[in-house]
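Written out below as structure tokens is the structure these notes cover.
The values are calculated or read from the model by the stated rules, or taken from the named source; none is laboratory data. Source: prediction; values computed, not measured. Neighbour counts are summed over all protein chains in view; Cβ atoms, including those assigned to glycine, are modelled from backbone coordinates with ideal geometry.
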Amino acid sequence: MNKNIKLAVAGAVLALSASAANAGIIIPAGDWTVDINGNVNAFAIMGNFKGNHAITGGVANRYDANNKNDTVGINTGLLPAWLGVTGTTRQNDTDVSFTISLQPGVSQNGAAGSASTNVEYRQAFLTFGDKSWGSFKLGKDLGIFASDAILNDMTLLGVGGMSAGSAMPGSGATTTYGGIGTGYIYAAWKGQIAYTTPNMNGFEATIGIVNPNQATGNELYQERFGYEGKASYSFAGDALKGKIWVGGASYRMNLAATPEFTATVGEAGANVNVGNFGVTGYYYKGEGVGTTVIGGEGHNAGAKRDSDGGYAQITYALPTKTKVGLAYGISKLDRAAGDAVGLLVKENTRLTAGAYHPLTKHLNLVAEYSRIESESHSNLSNENNVGSVGAILFF
């Protein structure tokens, strides 16, 4: 199985079956070993909205143009449907690999070329290295900063929050929001050149340059690459296992009609599993990075807005092997110089309860409920209640 899908299954605390983290369909091909892998998932999603305020940066949906506040849809969850191909070989004492993947949606109601028929291509990268000196990655893959936050989010195998601002929330988008914007900033899929150290008794570190920020829509020529990095320590014993990590990112923002500024953010998190219990805690703090995607709502005419947030999550495996979980996340955004008290988001919050049952070693049934609230600095708010039922199959 390619690295990030494997991490999404094996590293997330809601990995429901150890066998699901194994490799996909393995094909020997001369000097190469080819792994065809991925998942298919679909959920019936039902939402009810309260509040009709145009909150800038809010992730909770509001009424539609006809003043309706209920919606339903069938869509993929936070993890998109996935088809990946990874090839590995060892040449000249070097491990070499490539990964290419595509992510089709399951909500195909629109006309050709519309958002609901788009296919995404989130991975196209190569790696080379050796366990004695580490490895290099070149190409497009999940970002380094905030990757552990999303991979340990239990809604990775479910829905979490709806896609905010969609014409049909819960239907037509490639994925839902999960806990993005309500506890962590989206790691996103980025062109990058990164180096990862060898595993040194559980310790690993990754540093890389990534494509300059492209989130705001009015970029000029960018002066420098984005910088991202993280360090982690994994441990395992008879009854206790887990992972602790820290990370950060820095971008030089060069935007039209805006003074240049540097956006920076740091993070720390931990996932610990004891017996049938799993606990995850995460926190981030930044300047100029916003609350949902790096750069989104992060400044006012170049004046940086401070932001911080995090999430806490606990899961328990029942005797039936069903895992139940409860998570709370919050993302806060402060006003910058020149910001009036108004409809800029002050905080996005999410409470999620979920149940995840392994029907077979590859197929999992999922049910979730989430309550999402977006509150502005003028204390106006939108509230969403989101329920979902569905299934996710890994191969």
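Observations
- Residues satisfying the stated conditions in the range 249-269, i.e. surrounded by fewer than 16 Cβ atoms within 10 Å (Cβ to Cβ) and among the acidic types (Asp, Glu): GLU260
- Only one entry of GLU267, GLU297, GLU287, GLU228 meets the criterion of being under 30 Å from GLY134 (Cα atoms), touching a Ser or Thr at 6+ places or on another chain (Cβ under 9 Å) and acidic (Asp, Glu), and that entry is GLU228.
- Meets criteria (part of a strand (DSSP E or B) and closer than 23 Å to ALA391 by Cβ) for VAL324: yes
- All of VAL210, VAL293, VAL272 fail the test of being surrounded by fewer than 21 Cβ atoms within 10 Å (Cβ to Cβ) and more than 16 Å from the chain's Cα centre (by Cα), apart from VAL272.
- Complete set of residues in the range 269-303 that are under 20 Å from ALA188 (Cβ atoms), assigned to a strand (DSSP E or B) and either among the β-branched types (Val, Ile, Thr) or out of contact with any helix residue (DSSP H, G or I) (no Cβ under 8 Å at 6 or more places or on another chain) (or both): TYR283, LYS285, GLY286, GLU287, GLY290, GLY296, HIS299
- Criterion (touching a Phe, Trp or Tyr at 6+ places or on another chain (Cβ under 6 Å) and either within 22 Å of THR322 (Cβ to Cβ) or not polar (S, T, N, Q) (or both)) met by exactly one of VAL345, VAL366, VAL341, VAL386: VAL366
- The one condition from (1) in contact with a helix residue (DSSP H, G or I) (Cβ under 7 Å, 6 or more places away or on another chain); (2) surrounded by fewer than 20 Cβ atoms within 10 Å (Cβ to Cβ) that PHE203 does not meet is (1).
- Yes/no for THR71 being part of a strand (DSSP E or B) and at pLDDT 95 or above: no
- Among residues that are more than 18 Å from the chain's Cα centre (by Cα), on the phi < 0 side of the Ramachandran plot and either modelled with pLDDT of 85 or more or of a type outside the set (Lys, Arg) (or both), ASP35 is included.
- THR264 at pLDDT below 95, within 24 Å of LEU151 (Cβ to Cβ) and under 20 Å from the mean Cα position of the chain (by Cα): no
- Test result for GLY183, crowded, with 21+ Cβ neighbours inside 10 Å and small (Gly, Ala, Ser): yes
- ALA340 vs. criteria under 21 Å from THR56 (Cα atoms) and surrounded by fewer than 24 Cβ atoms within 10 Å (Cβ to Cβ): yes
- Residue match in the range 227-245 (condition: in contact with a helix residue (DSSP H, G or I) (Cβ under 6 Å, 6 or more places away or on another chain) and under 24 Å from THR291 (Cβ atoms)): yes
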